[in-house]
Amino acid sequence: MGIESKTNSNSKDEQESLHGTTGDSITETETIIIPPEWEHQITLRGLIVSGLLGTLFCIITHKLNLTVGIIPSLNVAAGLLGFFFVKSITTFLHNFGFDAHRPFTPQENTVIQTCVVACYGPAFSGGFGTYLLAMDERTYNLIGPNYPGNQAEDVKNPGLLWMTGFVFLVSFLGIFSLVPLRKVMVMDYKLTYPSGTATAMLINSFHTTNGAELARKQVSCLGKYLSISFAWSVFKWFFSGIGDSCGFNKFPSLGFTMFKNTFYFDFSPTYVGCGLICPHIVNCSVLFGAILSWGLLWPFITTRAGDWYPADLGNNDFKGLYGYKVFIAISLILGDGLYNLVKIIVISIKALWNNTTIQQDLPVIKELVGSEASKLQLEEQKRREVFLKDTIPTWFAASGYVSLAAISIATMPLMFPPLKWYLVLFCYAIAPALAFCNSYGTGLTDWSLASTYGKIGLFIIGSLVGNNGGVIAGLAGSGAMMSIVSTAADLMQDFKTGYLTLSSAKSMFVSQLVGTAMGCIIAPLTFSMFWTAFQIGTPDSPYKAPFAVIYREMAILAVEGFSELPKHCLVLCFGFFVVALVLNLLRDWIPSKVSRFIPIPMAMAVPFYIGAYFAIDMFIGTVILYVWQRADKKESEDYAGAVASGLICGDGIWTIPSSILSIFKVNPPICMSFAPSVSS
């Protein structure tokens, strides 16, 4: 049962792609044992552990949502804790003479990880710290009754019953939206999904027994860098103080002028690891986007303050620089995502028409033809067979999406009267395209921009409804859009993990459904604990929910219309949308020896909105990999994935104890900050 050791998912030719190595390389193996059938990968003990961990992760997610508003990926921690709990339980029972009849396989471990991630998903995408909380009376009063467009009629206070019903309505559609494209995203595009790849490597390392010499060395390498990353994250915590202005994450490593434009190395093992896993072209595209936006475009627009937009606006006001950042990033993302979505549809139609398989260069990995050991080819073939064996029929996914959408279209207007049925229908009609864009971008850079896509729904619906309930309608529409694109990206990342651990796609799909159902109950319940115990959303509370105010102000701006956006914003958006289309056309039509140097618009777009600091981290990772490949190509092929996964896993594991310390109000003892020296 299970696999004997970790396997190498990409052949040598795939690793020597035109764009650098991928993160699929795990380890060599001598024997691959047939994995259990999909229904045996889902166990009662696994579901119990998933429920317990899901509850813990929901609490952590709410805590982060209501304080800093930034949720890190917990995939790695879910895989680790799932293994720890099950092994602890089975060892405990064994000591009392009760032996488990079913061995604990990497496939069961992967199912637990998938179920846990799906369980805490609604705590993030359910809007408990953003769009749902933006509807309540506290947020209305915090903005002020005299604020233009802030109406007392646009208030809906949190309630356990209606919030539970809402997350049930919107959380499942994303699971069905991209199932037919799982082969394209994971096998054809060979998207790396760095967190998913690192989780798979960690899970495989736990279950490796009697593997080849290389396998043991790779496991040892992963453990070494996991320990280093974890220890470094613990060390950084002691200097991070209270707030967001302290610690190594705010180290002005390139000088204060660059620091003000977010150009600095923030000593993040996670994104250095992502740089080691992601292809070189992705990392270079991210850095190019950072230079273009934070190095050139935003400083230029800042000089137009007082002309293009009022000079006295806050950092998160959409009528100022923030509006340019969000909407230009969205334009690049949509241009790239929609181009590739249309491309897939056209290729598929041609293939069906000609009764052939899809053979087409895809945007990230272009394979070279060459020889490879039959053992590695067989390993890759085995992965493909397992991933495609238990099919999820397209008709089932489509009918599931349509049925759930119909229920939601009929029910959501009862919860939010300003949100008419045809507006809900519009959301669900465009959501699959946006879900593809988000999943594609997550596969490239590990950043899920679900909240950014939610803003699209907010602005469109808010502007269509207008002053008569547009704030509530826009916020609810934002939630529907955000939940779909977030869940779709999570599932595709879990498909990547399952692909690398020889887990059935059907078991991934079912565990995602079960985990989401758990989350739709657990997330509202755990939020109600916070709501009852603390004054959520008030300035004096430790849980200020900073993004609730931002979302309500966005909804008010949407009601006022796109004409309220800063000057030239829409023109720039259209220009960058065209740039994304042109770059894709060039990548597809000019010779590969040139096209492989053309940046990927989706990767370029992420730093436009997030900042340049993580682009520095990822570029350092890709430079390390490049030098390593030149110094010792074979060693880099064997160990780069292990080093990268260890760096990501160690930093990811630290999020659990750090979050628990934060919940119990244990703050870092030191605030290390930096200031320019004063000349005497």
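The values are calculated or read from the model by the stated rules, or taken from the named source; none is laboratory data. Small disclaimer: the values here were computed from a predicted structure and weren't measured. A quick note on method: Cβ atoms are made from the backbone with ideal geometry, for glycine too, and the neighbour counts reach across all protein chains shown. The protein model used for the area step is the full one, side chains on, heavy atoms only, and it has no ligands, DNA or RNA in it. Shrake-Rupley method; radii C 1.70, N 1.55, O 1.52, S 1.80 Å.
Give the shape of segment 126-210 as rounded, prolate or oblate, defined through the alpha-carbon gyration tensor: a ≥ b ≥ c are the square roots of its eigenvalues, a/c under 1.5 means rounded, and otherwise the shape is prolate if a/b is larger than b/c and oblate if not. Let's see the in-between values first.
On the way: a/c = 2.95, a/b = 2.62, b/c = 1.13.
Judged from the Cα gyration tensor, segment 126-210 comes out prolate (a/c at least 1.5, a/b above b/c).
Give, rounded to the nearest 20 debye, the magnitude of the charge dipole that the chain has about its Cα centre when Lys and Arg contribute +1 at Cβ and Asp and Glu contribute -1 at Cβ.
Here the chain has a charge dipole of around 200 debye.
Using a ≥ b ≥ c from the Cα gyration tensor of segment 221-287 (square roots of the eigenvalues), is it rounded, prolate or oblate, where a/c under 1.5 gives rounded and otherwise the larger of a/b and b/c decides, a/b for prolate?
Details: a/c = 2.99, a/b = 1.08, b/c = 2.78.
Here segment 221-287 falls in the oblate category.
How do 46-55, 168-177, 83-92, 286-295 rank on mean C-beta neighbours within 10 Å, highest first?
Numbers: 46-55: 21.5, 168-177: 25.8, 83-92: 14.9, 286-295: 23.4.
Descending mean neighbour count gives 168-177, 286-295, 46-55, 83-92.
Using Cα centres only, tell me the gap between segment 474-524 and segment 231-283 in whole Å.
Comparing the Cα centres of segment 474-524 and segment 231-283, I get a distance of 29 Å.
Choose one of GLY575, ILE521, PRO591: the residue whose Cα lies farthest towards the positive end of the charge dipole of segment 516-591 (beta-carbon charges +1 Lys, Arg; -1 Asp, Glu; about the Cα centre).
Positive-most Cα among the choices belongs to PRO591.
Which of the lysines could a cross-linker bridge to LYS420, judged by Cα under 30 Å and excluding same-chain residues fewer than eight apart?
LYS156, LYS319, LYS455
Where nothing but the Cβ of Lys and Arg (+1) and of Asp and Glu (-1) is charged, how large is the charge dipole of segment 375-471 around its Cα centre, in debye to the nearest 20? Intermediate values should be presented prior to the final figure.
On the way: 7 positive and 5 negative charges, 8 e Å.
The dipole of segment 375-471 has a size of about 40 debye.
Which shape class, rounded, prolate or oblate, goes with segment 99-257 when its Cα gyration tensor gives a ≥ b ≥ c as root eigenvalues, a/c under 1.5 marks rounded, and past that a/b bigger than b/c marks prolate?
On the way: a/c = 2.45, a/b = 1.46, b/c = 1.68.
The shape class here is oblate.
As I understand it, the dipole of the chain uses +1 on the Cβ of Lys and Arg and -1 on the Cβ of Asp and Glu, about the Cα centre. Which of SER662, TRP447, LEU557 lies farthest toward its positive end?
LEU557
Could you list, bin by bin from short to long, the percent of Cα-Cα pairs of the chain in 10 Å steps?
Spelled out per bin, shortest first, that is 3, 15, 27, 29, 18, 7, 1, 0.
I'd like the distance between the alpha-carbon centres of segment 312-339 and segment 149-212, rounded to an integer number of Å.
Measuring centre to centre over Cα atoms gives 24 Å.
Less than 24 Å apart at the alpha-carbon level, and either on another chain or at least 8 residues along: which lysines does that give for LYS217?
Cα-Cα hits under 24 Å: LYS6, LYS12, LYS87, LYS375, LYS382, LYS496, LYS633, LYS634.
Rank by packing, highest mean first: peptides 265-275, 385-395, with packing defined as the count of other Cβ atoms within 10 Å averaged across residues. Display every interim value, and only then the final one.
Numbers: 265-275: 25.4, 385-395: 14.2.
Per-residue Cβ counts within 10 Å, averaged per peptide and sorted highest first, yield 265-275, 385-395.
Please give the net charge around SER511, taking every other residue with its beta carbon less than 15 angstrom from that of SER511, where Lys and Arg add +1 and Asp and Glu add -1. Mind dumping the intermediate values first?
Numbers: positive: ARG45, ARG182, LYS496, LYS506; negative: GLU37, GLU39, GLU108, ASP390, ASP490, ASP494.
Charge balance near SER511 sits at -2.
I'd like the carbon and sulfur percentage of the solvent accessible area for the chain, probe radius 1.4 Å, heavy atoms only, ligands and nucleic acids excluded. Don't jump to the answer; show the numbers that get you there.
On the way: 17400 of 26570 Å².
Of the solvent-accessible surface of the chain, carbon and sulfur hold 65 percent.
Taking the highest mean first, how do the peptides 653-662, 566-575, 218-227 order by number of other beta carbon atoms within 10 angstrom per residue?
On the way: 653-662: 18.1, 566-575: 16.0, 218-227: 20.5.
Ranking the peptides 653-662, 566-575, 218-227 by packing returns 218-227, 653-662, 566-575.
Would you mind counting up the charge near THR139? Only other residues with Cβ under 13 Å from its Cβ, with Lys and Arg at +1 and Asp and Glu at -1. Intermediate values should be presented prior to the final figure.
On the way: positive: ARG138, LYS156, LYS544, ARG552; negative: ASP136, GLU137, ASP154, GLU553.
Value of the local net charge: 0.
Residues of segment 176-320: accessible area per residue at 1.4 Å, in Å²?
Numbers: 5730 Å² over 145 residues.
Counting only protein heavy atoms, the per-residue value for segment 176-320 is 40 Å².
Hey, any idea what the orientation-averaged projected area of the convex hull of segment 513-652's Cα atoms comes to, in nm²? Each step should come with its number before you reach the end.
On the way: hull surface 61.8 nm².
Over every viewing direction, the Cα hull of segment 513-652 projects on average to 15.4 nm².
How many angstrom lie between the C-alpha centres of segment 623-648 and segment 96-136?
Taking the Cα centre of each part, segment 623-648 and segment 96-136 sit 31 Å apart.
Compare the Cα positions of VAL179, PHE168, THR197 along the charge dipole of segment 147-235 (+1 at Cβ of Lys, Arg; -1 at Cβ of Asp, Glu; about the Cα centre) and return the one farthest towards the positive end.
Farthest towards the positive pole: THR197.
Which net charge results when you count Lys and Arg as +1 and Asp and Glu as -1 among the other residues whose beta-carbon is under 14 Å from that of ARG304? Let's see the in-between values first.
On the way: positive: LYS319, LYS567; negative: ASP307.
Combined, the nearby Lys, Arg, Asp and Glu give +1.
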